[in-house]
Structure formats: C-alpha cells, structure tokens
1. Multiply the residue gap between residue 515 and residue 591 by 0.36 nm, knock off their C-alpha separation, and tell me the result in nm, one decimal place.
2. Got a sec? How would 762, 202, 535, 717 order by Cβ neighbour count within 10 Å, fewest to most?
3. Among 946, 217, what is the fewest-to-most ranking by other Cβ atoms within 10 Å?
4. Cβ neighbours within 10 Å, averaged per peptide: list 820-831, 749-760 in order, most packed at the top.
5. Taking 7 Å along the Cα-to-C-beta vector as the label spot, tell me the residue 200-residue 655 distance in nanometres, rounded to one decimal.
6. Given R₀ = 56 Å, what would the calculated FRET efficiency be for residue 262 paired with residue 502, taking r from the Cβ atoms and rounding to 0.05?
7. Set the Förster radius R0 to 30 Å, insert the Cβ-Cβ distance between residue 488 and residue 784 as r into 1/(1 + (r/R0)^6), and round the FRET efficiency to 0.05.
8. Hey, rough spin-label estimate for residue 755 and residue 282, points 7 angstrom out along Cα→Cβ, what's it come to in nanometres?
C-alpha cells in the first residue's frame, strides 16, 4: 500500500475544521481511481454552482420588479405611460411625458423592463433656488446619444406574463431579458460611480490646495516677521535698513498675505462642510481678479533680490537675519519651525503665481460642466492664462539673465532616473546633464492639486567634474539585493499586470488602485536592480556614486559628459535662487517623465518578444589597428538591460571572425545591444574611474527587435555600425509557444530527443552517460567559472558535442577537455531541454507547479517519478549544491541555479501550459509565461534547499543508496 506521507497533517493545517478524507491507495490503479473521483466531484460541484447562479439571476430580476428598483428616484429617468391595449409598435416613437413621476405598475415585469430599456431618459438638473440645489442631485455627465442608441436597440422586447398562469418558459425569458438589460444597468451604475468618483476627486484636489495655501501663508508670514522690527529700527539712530530699502525688499508682500489669508479663510469652512453641491468657484474667480498685485511684485522682484544682496554685504546683522528666517511647519511635522533664506522666500510668490493655472486645470477636470462652479472656474483660468502669458513675455529675458550669464545659453542634453548610493543606501534620483553642469534632483511626493516638483540635492559644474577621485578614495561597496527578492518583485509585477488586463475588460475602478501598486513595485525594482557603478567628483574631491544596470548606458553618460567638458570653458556658479529656478524648470525640461518600465508604455505599444533569440556574431571590420577584441550582447527585460552573452577574445587582428552562436532568452525584450571591447591583459593596470577592469569599449550599437521581421523561421542578417566599426550579425527568433513543441529525435540510437528511460536501458545505467560526462568535466575545471550555467556557450561547440554524443563518438571525452566549459554546460542544458518528456514528467507537472502544494506533497510527488528520472535528478541535484558552495567565486547561488534549470526540468506540456492560445484573451502571454517560469523556479529551489531527501519507502532507499550510476 502506498503511504500518503504527511497528507493528514497537511490537510488539518489547511482545513482545521474538517477531517481528512480516507483514500484507498493500495496501488497505482487505486491512486488513479481516487484522482478520477476528485475530478468527478469538482464537475458535480461546478454544475450545482451553475444551477444556483441561474436561480439567483431569476430571483434578482423578480426582486427588481417587486421593489421597482428602476424608478425615477433611484435611477433618474422616467418612462412614457403605456396603455395595456395599445400596439407596442405604436408607442416606439412616443416621447416621454415629463409630468409622469413614477413608472406605472400595470403590465408587470414586461413594462418595468420595457421602461428601463425603451422609454427612459435622464431627468434634467434640478432647479436652483437662492443659490442652493433642491430635490435630487443632478446627474452630471449623462450621454444623451448613447441613451438614444440604447433606446433604439431595445424597442422590441418579448412579452412576459407575470400572472399565476404564466408560461412555463417564464424563467428562461426573464433571464434573457435580464441579460439584455444588464449592459444598460452597468452603464447607469458606471455613470453614477464615475460621478461619485469625480466629486470625491474634486474634494481631494481642494484639500491639496488648502494644504499648499497653508504652507504658502507660513512663507509669507516668515517674510513679514522681520519687516515690522526693521521698520521700527529705521526711525532710530542706528537703523539696520532704510525705509526705502525695506519698501523695496518687502514690496507688496503684506498685500499678498491679506489676499491669500482671505482666500484660505473662505475655502477652509466650505471644504470642511463638503457636499456635492458645495460651490467654490467664486473664491477662485476673486483670487484671479487680484493678480494685478502679483504683476507689481514680479516687476519689482529682481530689484528686491539685488537690494537684499547688497544690504547683506553691507550689514552683517541683516545678513544673519536674512539667512535664518523661521517658517512655521505643518501641524503634523515633528519640527515646529524650519529655517529659510530671504532669497528663497522672496521667490515663493513667483513660483506660486506660475503654478496657478495648473491648480485650476486640475479642479476643472473634476468639475462637471453642469455644475455652477464650472463657468466661474473657466473664467478664473482664462484670467490666469492671460496674466501668465503677459508675465512670461516680459520676465523670460530677466529669468534667463538670472540663471545664465549674458551671451550664454543652457540646454538640457540628457536626463534619466538613476540610483544614487548615499552612505551605503540606495536612493532614487533624477539626474539632469546640462551644457554647463550636472544636476542631481529628487522628485517630491505629489500632493492633491500639485504638479510634479523637484528638490535639488547637488550640482557640479562640468569644468570642475572629474571621474578620477583622490588617491585615498575608499573602494566602493555596493549593497547587493538577493536574486530571490528581485524575482519576488517581478512575480508581483506579473501578477498585477495580469489583474489589470482582466479588469480592463469591464473597466472597473479597481484599475487605478492596481496601477498604483504596480508603479510602487516597478519603482522598487528600479531601485534594487542596478549594480554597475559610475562615480563623479567635484573639485574638492567629494564623490557621488550612481548605479546603472547596463554598461552601454554607463558608457553613454561618461562619453557625453567628457565630450561636453571640452566645449565648456567657463565655470557655472549658481546662487540659491538661481539653483531653485533651474530645479523648478526641470519639470518642463525633462524628457524622461516616468520610470522606464511597462506601466508607462502606451496601450498600442509592442509588449516585446518572449522566447529564444539565436544570435550569430560573425565578424567585425573597420578597425585601424590590430587589437584583442571581444563582444558582449545585452537585451532588456522588465525595463532594464543586462548582459546575456560574451564572445571569446580574438587576438591581435583588424578583422576578427568570431562566428559564434548564442541562444538568449527574451522576456518582453524590445532591443538588442552590442558592445565591442579591447581586452587588456595588463593585470596591474586598473581603471580608476569605476574600479572595473581596464577593458576599453571600442564601439557600441543597438537594433530594435521587430516582431514582424523576426517572426519568420529564416535567419535575418544585419550589420550594426558603431564608431567606424561594423559588426555583422545573424538572428533567428523562436516563440515561447513553439518552444513547447517537442520534436522527438529521428535517430533511434541517438541521445538527444530520446526518452531518458530508453537511453538508460540501452546503456544499462541509472544515469545517462552524457549527464555523467558533462558533470564530471564541469566539476573538474568549471566549479569556479564565473556564471557557470548562466553564461551562454558557443553554439557551434555545443552542436559539435551534441553530434558526438548522438553518434557515440569515441573521442567525446577528448573533445570536452579542449572545449570551453560554458559549451559543456550548454550541452547539458540542451540535453534536458530536448527530452521528449521533461525530467519531471507531464503527469506530475500540473501538481508540482501548483503554488498551494505542501512540502509533504512535493516529496511524495518527487518519489513517484520513474526510476531513471528520479536518480538522474538526485545526481544533478547533488552537483548543483556543490556548485552553489562556491558562490563567492562563481556568483551562482542556489536561486541562480534554480532560475537556470527550473524551466528546463519542469517544462509543461502544450496542453498544460498557462500561455493563452487565444490572442484575444486579456492576459498577455508574456505575463502568463513569467508567472509559470517563477513557479518552476520555486519548485526546484525547494528541492535544492533540502539538506536530504526523506525516503520512507524501502524500495526508494535501495534506489538512492545502492545504485551504481
């Protein structure tokens, strides 16, 4: 009898309130019978659920009739009175009577449904009396064209008699009617939900405006605080400033404070007593009408700053006051006050007025056109836009002169999100490279009603920037994030993408919440993934370190900065005001608006390729001198580029001919990058710029992975030009769907593509000869090879070894000893991938990959494998554990090895694959495959982490411990 090890304990842990079922597991046949019972039970329960769902639809429809849930008060429409004897066709064009307050009760369910789909229109907005709404709140956003279209489509409905002698087909007809009505009901519900959401968003925006107003008032208060004592001292014998200087520096500040104090005092109680008919448009209209005060302030701004600077230089007491102005912090802040400079506070009104239109835009977006506030807000927006247009025309030259020296121009060359290392911690930054300086900024958290804003962290003029630090610079320690954590983030991203795709079918309000969660996870992935350092230093030797995911991007940034340094002759030194203005301008100047991940792609943008890309790197031409050259290949996945393959070094030539083929796995990839390096064999020479080896990039280029071009079965030849060098490539793409199709070998006496049981029976062994030979050679000289099993081997060498094993070549061991160890590792992976049935058989795969499988179940399933499969797996498992023991040298952890071998050993059959076969299904193939691969990795990782495999059965004991392989 087969003993279900751990089943009872696992059942009680999962279902503590029920006893575990008793199962007859005396033989394989008994197990199959129990399995069929389970399947039959599931089918029976599904049928019962369908019956109850059908009954529920009928009851819902009947209940709707009895409660008259589609009346005017609830849904906002009314119907035409219907006469019982009238021909239905005669009433199709009749108009609804506005005097009819309720639906008539005669006609029963037929007329209730008829009213809902035929004679219904939305009620007009209720009258406004003395500035207040009366009656039911208006239904904003109603689409009359859509309602008319629905009315035309539902003019003719089948008759339903709801009398006691009704037709026996009542339920069926009622359910059909309910289905035809459902999309109307969904539209009405969606309209109501959209309205509620819009009005709630309106309150949210106004709350954000209140918060910013409170902060702005605290800034104005801080400006006014020193003004009164300075005026009082001006009339004494020892004045700090003259009255004229005080009037110039604080010009129009008291008036601005009074305007915004009045606005805040008027807005605050209205938001506190919020209702859907609350009106605030008059406050914004009045505020816009007072923008003339801002014009006077802006016209005087430059003179005020200049006067303040001169007074600071002439009077140390005023200089100390101007640098230590205390601003009252928000109520929930730990620090009650914060220090600000006079220059920074004087810029606040300028910054405030330039953002006035953004606030009004946000508020208008969430205000229905029927709302009384809408025309008032539109008028306020028009006044603000006209004011800003005139101000910009007058002040742009002045602002330009403040941030850039006369006769010079500053332009943005490149910007990107990067990860900065600050005291060993990763921080997300937005880096801007201008023609004269490098600026590092932090994106502020957005508050309701506010647009994007940046905080400047530091800047370095390009004339003072260097990549080489002082001799005593400490080596950079990069905090590494475990691969398990990165994969966990990717699993969450894939799950969220799938959920969003499902919700798009019905487009519910859940999508916004899912998108927010997805953005958070992708930001976390952006923060934790990069590991290649780039360091820059200022003239005093202070260093700043960034992490980038791709050597290609690192080279681009370094080259661009060095090239611009040659053109930049003057040092740019910014005052605090100039730095603040430059940082504020980054919002409009930025070219990268979002983190570089899929959530920000357009709906019609290509999701990328999922499958395997075979690349042959043929040769390079255009070199002017003989060099030692090699190439690396990078592809993108989850928004980041990483190195996937590397050719051998072709020594001292101007025309290297590698002719090496690589198989690269693609996960939503859209671009292939190629970098050509000169190999440096001088071990003492180090590149002090980043601490890496001194291999020099000779050229780099990239090509898009175009799905229509690569979908064919033929090889596609292309040339990548880069810095005068041309590299010739050939590419062929195999989709995920096609990779699942297993092609049995046509050579009955071969090894590849032959069932493992047939090979071991022929060889009279428990483990195939090819597995033993490859593992023996790797353990002899590949255990310390960096990236063993992860780095692609040369495809031509792999094919040569495959042919040798298939033909039982006598010198195969000699061939292996002369080949690169990565080619041997690639041969082993190819053998497992080409098995007609994977090592974990098709019958066991669906259960093994089930995420709810318990540990005891996993062990039972493993021990139920056929004998050759089990022994071969355990033989491989012990080897992989020994490889992971040298992780400090070869960089291959248990998780890395599980990532490489999981999808190979646990491949699903075509019928079990979770990849959607119907292209119209909402879930993308890429996300489904990612989830499936992650499950395969977790299964193998579980077995790798076990110290021993428990084997309670005596038969298994003999297999594991008494078998010679």
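1. Working: separation 76, 0.36 × 76 = 27.36 nm, distance 2.21 nm.
Stretched fully, the residue 515-residue 591 segment lengthens by 25.2 nm.
2. On the way: 762 14, 202 23, 535 19, 717 11.
Fewest to most other Cβ atoms nearby, the residues stand as 717, 762, 535, 202.
3. 946, 217
4. Numbers: 820-831: 22.4, 749-760: 18.0.
Those peptides, ordered most packed to least, come out 820-831, 749-760.
5. The answer from the label model is 7.1 nm.
6. Using R0 = 56 Å, I get an efficiency of 0.65.
7. It comes out at approximately 0.55.
8. Going by the 7 Å Cα→Cβ label model, 8.7 nm.
Values in this text are rule-based calculations from the coordinates and carry no lab data. Note that the structure is a prediction, hence the values are computed from the model and not measured. Note: ideal-geometry Cβ built from the backbone for every residue, glycine included; neighbour counts use all protein chains shown.
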